[in-house]
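One structure below.
The values are calculated or read from the model by the stated rules, or taken from the named source; none is laboratory data. Bear in mind that the values here come from a model prediction, so they are computed numbers and not experimental data. Counting neighbours? That spans all protein chains shown, and the Cβs are built from the backbone with ideal geometry, glycine included. To get the accessible areas, we keep the full protein, side chains included, count just its heavy atoms, and leave off ligands, DNA and RNA. Shrake-Rupley method; radii C 1.70, N 1.55, O 1.52, S 1.80 Å.
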Amino acid sequence: MRQTLAFLTPERLQQLWYVPVLAFAMGLMMLRTLVMAQLFSLDGFAQFSAGLLVSGTFCMLACLGLQSLLQRDMPMMMVRRQNHAAAVLLSQCVLVACVCVLICIAGGVAGITIAGIAKDILVIGLLHGLSQQLFLIVTVESRSRSQSVRFARQNLVRGLGVFCLGSLVAFYTRSAQLTLITEATVSLILVQGTLRAIFRAASIRYMSAFRAGFRRIHRLRWRSAITLFFVSVVGFIAYSADRWMAAQALTTKQFALYSFAGLVLTMAGAVQVLINASVFPMLARRYAKLGRKSAYLLCWRVSMVLLIICAIFGGPAWFLIDQGVAYWFPKYQAVRVVLPLFIFVAILRVSNFWPSFMIISGFESRLLMLDISAGLIAGLFWVLWVQPWNGNGLGIEEIAVFAALMSACSYLFSAEAARRINKAVT
């Protein structure tokens, strides 16, 4: 009892406020998508969803792995008071992200198309993705300093701006393109202000940080970064291959329906981000101070507690979502049949912190191989079930099964690998 009370210092209790604040910010982002589903026609919502899909896919690049490197190393740099080096690493992430988007936009302008997505949506989605990635980069600093409340406030300001301005533009224009541009602009304005504050705190000028980052870019641990990049790519495939499959195989209206059902998974991802905003830097600091075994025990406790809680509330959540679709979104009735599968996938995604433990422990190469193996095995089971050689077409249900198999295999493989890593240490 005394140990528990000692742990709950006034500073830690104050930081717990990040949970409701960040939850509200994430809720605004979810609500904004529901608003778009109501305001846009099925075709318009399909365009909006395609733009978000391109945006999320660009974020998968993670600055060629530097974003993951920053997320892993910055908390340790803060512990060691290497603020200047951390600011330079952050500037390098920004530079690489901007180069990546320029290359991708050049490809889109040159006529490269993916899954039949229109050129304008492709380019706008890339700019939207850049704004998201830059926002994720600059907010690593507040998480690395264990300033969870500040991180939550940053997300709240962004959520309010995106929700209010995006909804206004969508209401008056009914344009998915202008709505996505508005959302990207809000994020980019906030990124600029946050960057200046970070460099000021690190006692380095704005342009000096970027010049130093450019000069030292060859000194980066590119081997580790590229490995983390491939981990990000394979992880993205495991989480989003079903969306791209839906964009390619389904009609425009069916894709809109699948994207609407996918809001359950988007919500699960938001919850995971909400929790991981505190858990990842906590694991990194625990690893730096007490070693791998202690970090694994913390990861195990968090994962198991969340798995149990999500399993308990999965049934009621399915009932509420199902009834909500029936009463408030009648044009999306067809998605109700896949909701149980999506709830199952959401439970696994919310409680999966094993990849975070493996990245922090330096086993990103093993994680990459595991993700590839999990994807291949899930894909094999799915193909045997769908049997495309019989000429069976793909529908919403078949693609939802694919998402469930990918998530289940990924969770089981990473959990077992983390257990073996910990056992080898002990």
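Things worth noting here:
- Looking across the range 326-349, the residues that are touching a helix residue (DSSP H, G or I) at 6+ places or on another chain (Cβ under 8 Å), open to solvent by 10 Å² or more (accessible area, probe 1.4 Å) and of a type outside the set (D, E, K, R) come down to Ala326, Phe329, Gln333, Ala334, Val337, Pro340, Leu341, Ile343, Phe344, Ala346, Ile347, Leu348.
- Some residue of the range 394-409 being surrounded by fewer than 16 Cβ atoms within 10 Å (Cβ to Cβ) and either in the same structural domain as Leu66 (by the TED database) or within 29 Å of Phe260 (Cβ to Cβ) (or both): yes
- Residue within the range 100-112 that is part of a loop (DSSP other than H, G, I, E, B), open to solvent by 50 Å² or more (accessible area, probe 1.4 Å) and without any contact (Cβ under 8 Å) to a residue 40 or more places away in the chain present: yes
- Thr173 open to solvent by less than 70 Å² (accessible area, probe 1.4 Å) and at pLDDT 95 or above: no
- Qualifying residue in the range 413-426 (condition: assigned to a loop (DSSP other than H, G, I, E, B), open to solvent by 50 Å² or more (accessible area, probe 1.4 Å) and either in contact with a Lys or Arg (Cβ under 9 Å, 6 or more places away or on another chain) or not assigned by the TED database to the domain that holds Thr252 (or both)): yes
- Condition check for Arg196: assigned to a helix (DSSP H, G or I), assigned by the TED database to the domain that holds Asp43, modelled with pLDDT under 90 and among the charged types (D, E, K, R): no
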